[in-house]
Structure formats: structure tokens, C-alpha cells
Amino acid sequence: FFFQPFFKRMFRLFKEGVEDLVLCSSPSNGEITKQLGARFDRELIYTAIGEVLVSVNPYKYLPITGSEHIAMYRNSSGQGQQPPHVFALAERAYRRLVDDGDSQCVIISGESGAGKTVAAKLILNYITAVSPSGGGGGGGMSSPPPQSAPPPTRGRGGPPIPGGRGGRGGNRMSVARGRGGRGAPRGGPPSRGGPPSRGGGGGGTKSVDEIKKIILESNPLMEAFGNAKTVRNDNSSRFGKYLEIQFNDNSAPVGGVTSTFLLEKTRVAYQGKNERNFHIFYQLLAGADGNLKNDFGINCDPTCFYYLGQSGATTVDGVDDAADFREVRAAMTTVGISDTEAYDILRCLAGILHLGNIRFQGEPPAQVTDRQPLEAAAAILGVDPNFLEQSLNHRQIQSGSARATQYAVPQNADQASGIRDALAKTLYSRIFDFIVERVNDTMAYSGDCNVVGVLDIYGFEIFDNNSFEQFCINYVNERLQQIFIELTVRGEQQEYHDEGMKWKDIKFFDNKIVCDLIEGKNPPGIMRVLDDNCRSVHALESSAADAKFLQKLVSVHSNHPHLLVGGTSGTEFTIKHYAGDVTYNVDEFCFKNNDNLYMSLVNCMQTSSVPFFASLFPEDLSNRQAPSTAGFKIRDSANYLVKRLSACTPHYIRCIKSNDKKIPLSFNASRVEHQVKYLGLLENVKVKRAGYAYRHYKEVFLSRFSPLLEPPPTTIQDFVSRVCAKYKDINAQEFEEGKTKVFIRSPDTLFGLEEHLFKVTDPEGYKDQVKAYKESEKQAMAKQGKHGLKPKCLVM
């Protein structure tokens, strides 16, 4: 038994729970789910599909991400020596940046609560740990973040498939930043093509260690202002983030750029039952000192404020909001936010809370029922309380005539409450943008560089009531799914055609039809129909405008196979997304798409005696040009994101929820299988199985494996004939030569080559590895018994 090549044997140790799903005996959605469950049963949450990593959320801390695990995976990506892990993927991305000089990106996808945010943090932790410190050269290792617990040895099978896509990287990217932080990266779209909160400035004066500290410590700051407890996730990202870490020629991090997308502003004013507002509000009330609370009038329980108490949830189990507040304050200093700016940011948060307590009653103009919250909000925001009241219970509009006459239209109680909420949401989103811009200013690097980008964005969302926010979120996820299909399924098959290989295409669902339905030009997609409707019916009440939008949708897309307009209420439309059917209620679609403040509110805030607040409202009220809609901004941001991602060599993490109730180590097979199906994992496995486990440029392949032969081979044909004659376990039928690349069909053949290379280049290390492997297998088999799998979790 032990005389078989040990790399191969590690794959065959268990028939269930294979480390790479390419090795499934009979792949199907059910079989993939079974394999994931068998691994999950042994607390192995990571599984590979070639170079794609599948991560199943255990809803429990597992001791598999400590400093010793970072050391285990460092420099291991090409050897096939370690099991699938987020660190293996991070090592592969960083090593290709170092070795190939190409920018890389990690695209993390999955439903809300599937573990995307944790995966993103682990990627950043790993890269900052293994990259050089100070001014050192490439590939050095700084002290990794302190964590705990040794790696588990139980049930560890074999290595992930090395090699992979080899050489598909994009062009070297140069990143430039202009004064004020509004410039887009060179080679990217024009500045209007990026999200509004992408900042930066000239600089590059920070040391490598300072940049690493900013990258790590900005995380809790961004989470405090961008994350919240939902029914599905106690730390759910309510915005999308794409962080590009910039590396110099020594492969050391020298800067970074954060782009944000789709902040869920509505959460400021409304949360569902048992959900919370953004973390920072609760942290402020729990952690601020007495003087600060007295200054802001917030020396009370969160339930005192409507914006925090409406949902019935103000705490999170196991979370210390006061301790988190101290961490946030320290992070503000790290990213360059001054004490005065930090004070004003917290002051703004308090002002938002007092705004939420203002109540209205009566006919237009609605009257404030209790002036105390109004006076408190006005005092904190630095505006006149009567002007604030007038701005809330009147809507200022401007006629379309040449004179541009302005009118103050009185509002009823519900309308005034809507204007109040609009001001609160705008204040919050603008301090969020300020923080992002300040982080970018602090990390700004103006030289040429390569990047490793990490994308952590909303998962696909299906709720009982889906509105404009879910529509936008799911649109972005459709675009990301399109990238995944393009590069892992269609792209791989196209590569075989381009290389002149014999290949029969495998069918798969192409969601381009859904993307075109939402954003297409001819016929106009749903977003363009909505934009056109907002331009033409701006004088109508919100409900009438929404009804008109549905009518236009029917006229344009009456027979579309992925769209159903109408529904039970007559105010709905349903899209057949790649992840399932979602029904959207059009209530306030037009209002939310317009995404602009009434002039009265802008006028009011521009009079603030607090310079910081006045600076948040730079609008030129004399400019009569209609502002861009939310839908336009989202399409623009999505296009920017796709362009940035397409310029990098991609790496994928597909996150899966093990169950919907956040039960630790509970595997709901039907729920997991649903995710396996719509994530397209089966099609990915089929293409990998029918194709080749490894491909790389011929010169790279020969350079790597030439030590096996003497004299070194000069052609692929020469290599194959000689290596097969020398090593009888290597079969010539396993190799295929394309126009520019060499392909190997079976992972066993690749592992055989790697094993022989290991013996030749490091014979003593090989002996030590075999000895250590034998010992670990004896221990694993002794623990697990003859039949292996012993249940460690609840399987539903």
C-alpha cells in the first residue's frame, strides 16, 4: 500500500469526500452535494474544482486559519502538497503575481450568510502575512497575525490540482490617482464610470508596514459602517467592496484602492424584524464616553431611537459593541481621520438618530408632534430648527419654464416622513463615502504597479418582499455569474478551440439573456425602461409613476421567457434569475431610482454652522441638468467592476450556506444542493473532467520539468517521449500539445511528474515527506476506524 506514489494515494483514501470534485465518480448535483456533505461531516469545509474553491459555512469557529496554517501554505501552491483551503488560493494568487508579473483578483460569491466576508478577510490576512515587510524583496514573510490552534490531521486527503489556467492574466495595470481622489485608474473607464466612493490622491509616502496595517485595520472600520445583523447573518455586508492591493516590483504592498457599491441606505431608516441597523450606531451608544453622549444627547438605550428600536433587535450574541467601538476609533486614526473629523462623523450619526424621532401629523403642511427631537437634530446638525422643519414638511420643486420658478409644495405626514428618511439616508451615505475616500487617500500610490483585487459583494437575495434594492443587488450578481461562466466554462472550452484541440462543447445555461433583459439597449432593458419612465413622469405621485413603469414594461417585454409582469397584486414583476425566480414589488421603484434630494434639504444643510456637514452637500443648485439615476450609476459601477476584474487573472471562491438557521455544523442537503445547482458547479466539474486538469505555456512547462531529463528537452514531443521512457508510470496518451500550450488530462499524471521532480530536486525532503505522510495516515486511520467516516455533525 505505501509503495504507491503517495500523492496519488492521498486522493484515493476516501471514496466519499474527495478533495477535488473533478474526481467524483459520477458527477451530478446530488453527487456533488454528497461529496461536500461527507467532507463537512469531518469538519473539512473547503473543496476544490480544479482551481475554483468551494467553501461551506460551518457557522462555527474552526481552528484552521492560524499562523501555523499560513506557514503551511506559504510557497506550496505549485507542489500539490496541501489540501484545499482559502490560504491555498491566496498563495496561488500571490505567487502568480510574483512569478508571472500579472495582476490577480479573487471573486467571492454566494448567498448572504454564506461566509464571503470571512473569506475576504482571510485572503487579506494571508497576503499581508506572506508579502515582504519594510523594503524587502519579493516573497518574504512578515509576522503573520496571531491566531490559535494547530492544524487538524484527521481525514486529510490529497492536494488540490496545481497548475491550472496558467498564463491567462491580463495586462500589467498601472494605477494613477489625481488630487482630490476622483481620478479613475489608467487603463480603466473614464472617471464617471466608477462608483462615487472610489477615492485616492497623490502620495505613496507610507511604508510597507504602514500599508499592511491600514489594509488590516480598515476592515473593522468598513464593517462598522457597512455591515449589519440580518436574519441570515449576524455580520452581513450591506455594501459591495472591491479592494485592490497595489504591489511594487519587489512584490511588497505599497498602496491600495477601495471601490464600494450599492450601500443599502434604506437600512438607516428601516430594518426588518429581528435585524439591526448598521453596527456603528450600536457601537456608538455602547462605547462612547459620558461627555460624548452628553454632547450628542444620546445617553440612553438604543430603543430610545426609532431608527434602532423598530425591529426588536439591538444586540448580537457574542458581540461586544463597546469593545468594537474602541477598535473603530483606533482604526479611524490609522486611516488618517483626524480627531476633529472623527468627532464630526460621530456627531452626524447622533443627528441621524434624532432625525428618526421626528414625527408628523395632520394635513399639508404636516406639523411636528414633538419639537424636542427636531430641536436636538437641528442643534447637532448646526441648522436652524424652523428651516429644518420647513425643509421636511415642504417639497421644493422647480418649474420647467424658462424662468425656472421655484415652488414650496406642502407635504402630508407620510410625505414629510419620507423626506426626513431621505435626509437621514443621504447623511449616512455621504459620511460612508467620506470614510472610503479617506482610506484611499491614506493608501494612495501613484506609481506603476500590479494588484491583487479582492471582491466581497452582496450575495443573491430573495426575500418575502423584494424591492428596488434587491433588484439592483441581483443584477450585479447576474453580471458576476456571467464573468464566472465566461472564464470557467465558456472560456475554458474556447481555449481548447483556440489551441486547435479536438473538443465537443458541453452545454450550460448562459445568463446573458437575463443580463440583457435588465440592462440591454435594444430592446431597452428594465433599467432603461425605468430611467425613461422617471424622466417622463417626474410630476406624478410615486404610486402613479410606478404603475406607469409596469405598463411600459409590458409593452416592451410582453413575451420575454425570463419575465412575468403582473402577479397577484398587480404591482409586481418576476424575473427568472440564474439563482431562481424572484418577484419584485414596484412600490417606490421610481422614487428610489431618482435618488436625489429635494432642493430644500440641500439648501438647509448648506447653511450648517458645522463646516464638515456643509461640505457633504456640494451641489450646485443653479445647475438645472437632471442628475443621473440610481440605475444608471449601478450599471456604470458594474461596468467599471467588470472591466477591472477582466484585466486580472481571476480566482474564484464559491461560498455555500450549510443551512438557513445558522446552526453550527448542520448540513441541510436539499438547501446545499439548490446552491450547487444555481452556482453552476456541475457544469464546471463536467468541463474540467472532459477537458484537462492542467495547462500551461510550453516554455513554462519545459522550464519547470526539465530537471527530470538530461540533457534538458527542447520541445514538448521530445519531453514526452523521453519522460515516458524513463518513468513507466507516465503515459504518453495523457499529454496533448496545442498551438501555444501543453495540456495534461489526468491529475494523477501531473502528481506523478511533481513527485518525480520532488525526488530529483530534493531527495532528502522527499523522504521526510513520505515518512511524515505515513505517520499522519496511521494516526488518521486509527482515529477513524476501518470504515472511516464517523458523523460529527447533524445531517438534515
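When a 1.4 Å probe is rolled over the protein heavy atoms, the share of accessible surface on region 388-509 that falls to carbon and sulfur comes to 47 percent. Using the average count of surrounding beta-carbon atoms within 10 Å as a protection proxy, the listed peptides 556-565, 280-289 rank, highest first, as 280-289, 556-565. By accessible area, using a 1.4 Å probe on protein heavy atoms only, region 519-670 has 53% of its surface on carbon and sulfur. Of the trypsin sites (Lys or Arg not before Pro) in region 245-323, the ones in a loop by DSSP (not H, G, I, E or B) with at most 12 other beta carbons within 10 Å are K273. Comparing N466, I483, F434 along the charge dipole axis of region 405-503, the residue lying farthest to the positive side is F434, per the Cβ-charge model.
Within 10 Å, Cβ to Cβ, of Q310, how many net charges do the neighbouring residues add up to if Lys/Arg are +1 and Asp/Glu are -1? Within the 10 Å Cβ shell, the charges total 0.
Using the Cα centre as the reference, give the magnitude of the dipole from point charges on the C-beta atoms of region 450-603 (Lys, Arg: +1; Asp, Glu: -1; all else neutral), rounded to the nearest 20 debye.
It comes to approximately 440 debye.
When nucleic acids and ligands are ignored and a 1.4 Å probe is applied, R96 ends up with an accessible area of around 30 Å². The mean accessible area for residues of region 27-131, using a 1.4 Å probe and ignoring ligands and nucleic acids, is 22 Å² per residue. Around the Cα centre of region 364-520, unit charges on the Cβ atoms of Lys, Arg, Asp and Glu (plus for the first two, minus for the last two) sum to a dipole of about 500 debye. Counted by Cβ distance under 12 Å from L645, the other residues give a net charge of +1, where Lys and Arg count +1 and Asp and Glu count -1. For a test of the definition: using alpha carbon positions, the gyration tensor, and the 1.5 limit on a/c, classify region 430-574 as rounded, prolate or oblate. It comes out oblate by the Cα gyration axes. Exposure check, 1.4 Å probe, all protein chains in place: K121 carries approximately 60 Å² of accessible surface.
Here the label points at N623 and N299, each 7 Å from Cα along the C-beta direction, are separated by 4.4 nm in the simple model.
Heavy-atom accessible area for R722, with the other protein chains in place and a 1.4 Å probe, reaches approximately 70 Å². Per-peptide packing, taken as the mean over residues of other Cβ atoms within 10 Å, places 309-317, 331-339 in the sequence 331-339, 309-317 from highest down. Placing unit charges on the Cβ atoms of the charged side chains and taking the dipole of region 692-750 about its Cα centre, the candidate lying farthest along the positive direction among G738, P707, Y727 is G738. Computed over protein heavy atoms with a 1.4 Å probe, the accessible surface of region 217-372 works out to 36 Å² per residue. Rounded to the nearest 0.05, the FRET efficiency derived from the C-beta distance between Y270 and D209 at R0 = 41 Å is 0.45. Quick check for you: with a 1.4 Å probe and neighbouring chains kept, what is the accessible area per residue of region 517-580, in Å²? Per residue, region 517-580 has an accessible area of 49 Å².
The values are calculated or read from the model by the stated rules, or taken from the named source; none is laboratory data. What you see is a predicted model, and the numbers here were worked out from it, not measured in a lab. Methodologically, a virtual Cβ is constructed for each residue, glycine included, from the backbone with ideal geometry; neighbour enumeration extends over all protein chains shown. When the accessible area is computed, the model is the full protein with side chains, heavy atoms only, and any ligands, DNA or RNA have been set aside. Shrake-Rupley method; radii C 1.70, N 1.55, O 1.52, S 1.80 Å.
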